[in-house]
1. Does any residue in segment 2-18 that is touching a residue at least 40 places away in the same chain (Cβ under 8 Å) come within less than 9 Å, Cβ to Cβ, of a residue that is assigned to a strand (DSSP E or B) and acidic (Asp, Glu) six or more places away or on a different chain, and which pairs are these?
2. Being acidic (Asp, Glu) and surrounded by 11 or more Cβ atoms within 10 Å (Cβ to Cβ) is the filter; apply it to segment 119-177 and report the residue that is farthest from THR101 (Cα to Cα).
3. Report yes if some residue within segment 71-91 is touching a residue at least 24 places away in the same chain (Cβ under 8 Å), of a type in the set (Val, Ile, Thr) and assigned to a helix (DSSP H, G or I); otherwise report no.
4. Report, by residue number, each residue of segment 19-47 that is under 14 Å from the mean Cα position of the chain (by Cα), assigned to a loop (DSSP other than H, G, I, E, B) and in contact (Cβ under 8 Å) with a residue 40 or more places away in the chain.
5. Run ILE95 past the list (1) within 23 Å of ILE145 (Cα to Cα); (2) exposed (fewer than 15 other Cβ atoms within 10 Å of the Cβ); (3) aliphatic (A, V, I, L, M) and report the number of the one that doesn't hold.
6. Looking at this structure, is ILE79 surrounded by 11 or more Cβ atoms within 10 Å (Cβ to Cβ), more than 20 Å from PHE98 (Cβ to Cβ) and touching a Gly at 6+ places or on another chain (Cβ under 6 Å)?
7. How many of the residues making up segment 48-70 are in contact with a Ser or Thr (Cβ under 8 Å, 6 or more places away or on another chain) and either part of a helix (DSSP H, G or I) or within 30 Å of VAL9 (Cα to Cα) (or both)?
8. Quick check, is HIS109 more than 16 Å from the chain's Cα centre (by Cα) and either surrounded by 15 or more Cβ atoms within 10 Å (Cβ to Cβ) or touching a residue at least 24 places away in the same chain (Cβ under 8 Å) (or both)?
Amino acid sequence: MDFFTVITVGFSFLYVFVVFEHGRRRVIHFSTTYHPSMAWVIQQLRETTPFGRQPRFLFRDNDGIYGHGVRRFLDSCNIEEVRTAYRSPWQNPYIERFFGTLRRELLDHVIVLSERHLNRLLSEYIEQYYHCTRPHQGLDGDTPIPIQNPAVVDGPVKLLSSPICGGLHHRYERVAA
């Protein structure tokens, strides 16, 4: 889990909290706020880890916002906390790489108007593009959520393009002509 910031059109900072699964490079949960607090982070972790679906480990940095309450919450859920060294983002490379990809492929191309706007953009990008369409080199060209039984089309093929994030990205499908 980690935070990154986004500046809105009104020059205010929005904090984005992300919980990321390393194995499949999948975003488990994200949320945004103007004023993060330890209680807010604990509530996000509650939403991320419903009963019976807790991860064994949770990597995090030493951000002061986590405080002592996050550690107690993780201990009560039997989740082992793995803390990175101070000022060492390279110790949690998957989420840092995701943040860079998110900035390059989405946030560098749009002006965020509000928290609601950012939530809509992130939701559309993550659920419709990043998880289902975008190939990942670390997954041998697969997507975080693999396509089950892709349709095989015999004969002439037509390629359909569906815009995602207002046409910033596209999903392509083969259909019979």
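The values are calculated or read from the model by the stated rules, or taken from the named source; none is laboratory data. The structure presented is a predicted model; accordingly, all values stated were derived computationally and were not measured. Don't worry about glycine lacking a Cβ; one is built from the backbone with ideal geometry, like all the others, and counts go over all protein chains shown.
1. From segment 2-18, the pairs are VAL18/ASP2.
2. Of everything passing the filter in segment 119-177, GLU173 is farthest from THR101 (Cα to Cα).
3. No, every residue in segment 71-91 fails to be touching a residue at least 24 places away in the same chain (Cβ under 8 Å), of a type in the set (Val, Ile, Thr) and assigned to a helix (DSSP H, G or I).
4. Listed by number, the residues that qualify are HIS22, ARG24, ARG25.
5. The failed condition is (2).
6. Values: surrounded by 11 or more Cβ atoms within 10 Å (Cβ to Cβ): yes; more than 20 Å from PHE98 (Cβ to Cβ): yes; touching a Gly at 6+ places or on another chain (Cβ under 6 Å): no.
For ILE79, the condition - surrounded by 11 or more Cβ atoms within 10 Å (Cβ to Cβ), more than 20 Å from PHE98 (Cβ to Cβ) and touching a Gly at 6+ places or on another chain (Cβ under 6 Å) - is not met.
7. Our first condition is that a residue be in contact with a Ser or Thr (Cβ under 8 Å, 6 or more places away or on another chain); within segment 48-70, this holds for 55, 59-62, 65.
Those still in the list that are either part of a helix (DSSP H, G or I) or within 30 Å of VAL9 (Cα to Cα) (or both) too: 60-62, 65.
Number of matching residues: 4.
8. Here the answer is yes, as HIS109 does meet what is asked.
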